[in-house]
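The values are calculated or read from the model by the stated rules, or taken from the named source; none is laboratory data. All values derive from a computational prediction rather than experimental measurement. Methodologically, a virtual Cβ is constructed for each residue, glycine included, from the backbone with ideal geometry; neighbour enumeration extends over all protein chains shown. Quick note on the areas: whole protein, heavy atoms, side chains included, nothing else; ligands and nucleic acids left out. Shrake-Rupley method; radii C 1.70, N 1.55, O 1.52, S 1.80 Å.
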Amino acid sequence: MRLLIGGSPSKFFHLKEFGEKLKAKGHQYKLVKDTDIFTGFPSRHVKDWFDNKEKFKQLISEFSPDAVFVDRQTNFGKTAIEEKIPLFVHLRGDFWAESEMAKKTLYKYPPKRSIIWFKEKIAHTCFQGASGIFPICGYLGKVVEQHYPKKPIHVMYQGITPENWYHTDGMKLKHPCVGLLQSAVIWEKTKEMLTITKVLKKMPEVNFYWAGDGPYRDKILPELEKFDNFHWLGNLEYPNKVRDFLTEIDIYALVSGLDMSPLTLQEAQLMKKPVIATNVGGIPELMKNNKTGFLVKKGQGDDLHEKIEKLISDKDLQINFGKTGREFIENNFTWDIIADNFLKNIKTKIN
């Protein structure tokens, strides 16, 4: 099989790992930034509106793919359908919920609202014309079924390479410490971090480090920085600085109001860190409650405090959770497992 992968630059590291695993199994792949090949309308650059798809057609002529794989819904995937090439869509988030959130926040006013409308139209074409939709977790799979009940739907978890996650010399942090590694891009996800304020107040001896950034940073940072035991690190270089960060922290916390398949939860467990995460979306599928860490109720700062307190005071529990966490990820989410499942699910859909 010859697979053309068109994706977002922020996911190139992982898409290349996926492609290399397919290559090791005897298949060929080509990885491109989708918008470098064809952008079309809408775009920030007016010149892109009049793109005639020549780059796309040339790429197809030169590589002759049997199928196209995309990790977001753009004109690149739409054009693959128009060219009658089987399209497989890896859906990373709840597109419909996120569109509604965008309309109420960053895209609240025209003409930005019209941009959302056009993006929804493109996404519908991609979903409707796809030979298969691959939601990133079981929770999201059920959401997709509500919108496209007749489409082939197969869960495709985010793959990971365990060998990339090993202990380093770490970073210089104050202990005991809890590390948070998450973006501030979607408000429904980000606002949950405000529940940490209650924990910061109750646990002044514990340091909390947030690595991440995004447009909603300024909505939460002023509240969190009122406490001396909170520290903001900004974005960390991936994967090296992230590995250093995860090496050093005592506990990893994912305090999110909405998440499907957060890669950092896998990475933290591979680094043998006990994890605490909000019980929302696909998060419970990526960890084992009471075995690799603790799930906590959304919006419940008291629950979060209780679980952190329990782990901080029990080093043996930290070690046991960490050991079990690495084994859990190794046994369920390696690229070898993910690639095999992908190939099994598409073999009947390629001419």
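Observations on the structure shown:
- Applying the set (1) open to solvent by 10 Å² or more (accessible area, probe 1.4 Å); (2) in contact with a Gly (Cβ under 7 Å, 6 or more places away or on another chain); (3) assigned to a loop (DSSP other than H, G, I, E, B); (4) under 30 Å from Glu306 (Cα atoms) to Ala184 leaves exactly one unmet item: (1).
- Counting the residues of region 312-345 that are in a loop (DSSP other than H, G, I, E, B) and surrounded by 14 or more Cβ atoms within 10 Å (Cβ to Cβ) gives 1.
- Residue, most open to solvent (accessible area, probe 1.4 Å), within region 143-152, restricted to residues that are outside any loop (DSSP other than H, G, I, E, B) and either of a type in the set (D, E, K, R) or within 23 Å of Leu265 (Cβ to Cβ) (or both): Glu145
- Per the conditions (1) open to solvent by 80 Å² or more (accessible area, probe 1.4 Å); (2) under 30 Å from Trp96 (Cβ atoms), the sole criterion not satisfied by Pro204 is (2).
- Scan of region 226-260 for residues that are part of a loop (DSSP other than H, G, I, E, B), without any contact (Cβ under 8 Å) to a residue 40 or more places away in the chain and either in contact with a Gly (Cβ under 9 Å, 6 or more places away or on another chain) or closer than 29 Å to Trp96 by Cα (or both), ordered by number: Asn235
- Restricting Thr264, Thr348 to residues that are closer than 28 Å to Gly138 by Cβ, free of Cβ contacts under 8 Å to residues at least 40 places away in the same chain and either open to solvent by 10 Å² or more (accessible area, probe 1.4 Å) or assigned to a helix (DSSP H, G or I) (or both) narrows the list to Thr348.
- Of the residues Val155, Val89, the single one that is aliphatic (A, V, I, L, M) and either open to solvent by less than 10 Å² (accessible area, probe 1.4 Å) or farther than 29 Å from Gly293 by Cβ (or both) is Val89.
- Filtered residue count, region 153-181, keeping only those that are without any contact (Cβ under 8 Å) to a residue 24 or more places away in the chain and part of a helix (DSSP H, G or I): 1
- Condition check for Lys273: in a loop (DSSP other than H, G, I, E, B), at pLDDT 95 or above and touching a helix residue (DSSP H, G or I) at 6+ places or on another chain (Cβ under 8 Å): yes
- Of all residues in region 41-83, those satisfying the criterion of being in a loop (DSSP other than H, G, I, E, B), modelled with pLDDT under 90 and open to solvent by 70 Å² or more (accessible area, probe 1.4 Å) are Phe41, Arg44, His45, Asn52.
- Residues considered: Lys273, Lys298. Of these, the only one that is basic (Lys, Arg) and either free of Cβ contacts under 8 Å to residues at least 60 places away in the same chain or crowded, with 21+ Cβ neighbours inside 10 Å (or both) is Lys273.
- Residues of region 163-175 that turn out to be open to solvent by less than 50 Å² (accessible area, probe 1.4 Å) and touching a strand residue (DSSP E or B) at 6+ places or on another chain (Cβ under 7 Å), as a count: 1
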